[in-house]
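Report on one structure; see the data block that follows.
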Amino acid sequence: MLYLINNNIVFNTEDRTLVMQQDEMSAVILSNSANRLLYELLYSYGQTVSRDSLFQNVWDNHGLVSSNSNLNHYISQLRKSLVSFGLSDKVIITIPKVGFKFSEKVPVMLMDDNGDTPRAEDKNERLESVYQELDNLTTEILSQTQDRTELTDINQQSLLSQNIAQSDDVNKKLLLSHHIKCFTLFVAFWP
């Protein structure tokens, strides 16, 4: 897989290289462990990857011994390699006692269709999740509204049911419009 980091660094998981897009002479060849570690961080772009997950996916699953010392050593190596391409050493963020994450302030894009896309780049999945949450909130609000308006008189209940049926569409549209505006603001300020 090919990843484009910061719009100018190509990371190739197949040949384990980091290369400036305009300068192929700048290639850095990563060790197998560093290659798998960078892949795990980019695959979970912007999300914290636990130490245990890194131990398992970078070392244990490949018959190697994992340790905090190994992890810290390879994180340091990756930071140095990325700094040599002009990135900050804070591009890989340490989450104390939890794990690490690749900074979402540095853009990362998948350059080919071979393999999985980074989870944070899967916009369709994120949108589906947001729409599902909007549906859940709308249903919950409407349910609470209906619960508060229970009436004892059968005629009033019948009249209310007709009114609710007519106003549900209006309420849903208003709520959806409000949530879309909130989502638009959320996306606009998403790092």
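Read-outs throughout are calculated quantities, based only on the coordinates presented, and are distinct from any laboratory measurement. Computed from a predicted model, the values in this text were never measured in an experiment. Quick reminder, even Gly has a Cβ in these numbers, built from the backbone with ideal geometry, and neighbours come from all protein chains shown.
Compared with the direct C-alpha span, the chain from Lys97 to Gln56 gains 13.1 nm at full extension, assuming 0.36 nm per residue. What is the local net charge at Ile75, summed over the other residues whose Cβ is closer than 13 Å to its Cβ (Lys, Arg +1; Asp, Glu -1)? Computed value for this residue: +4. For Val49, the residues 5 or more places off, or on other chains, whose built amide H falls under 5 Å of its own are Phe100, Lys101.
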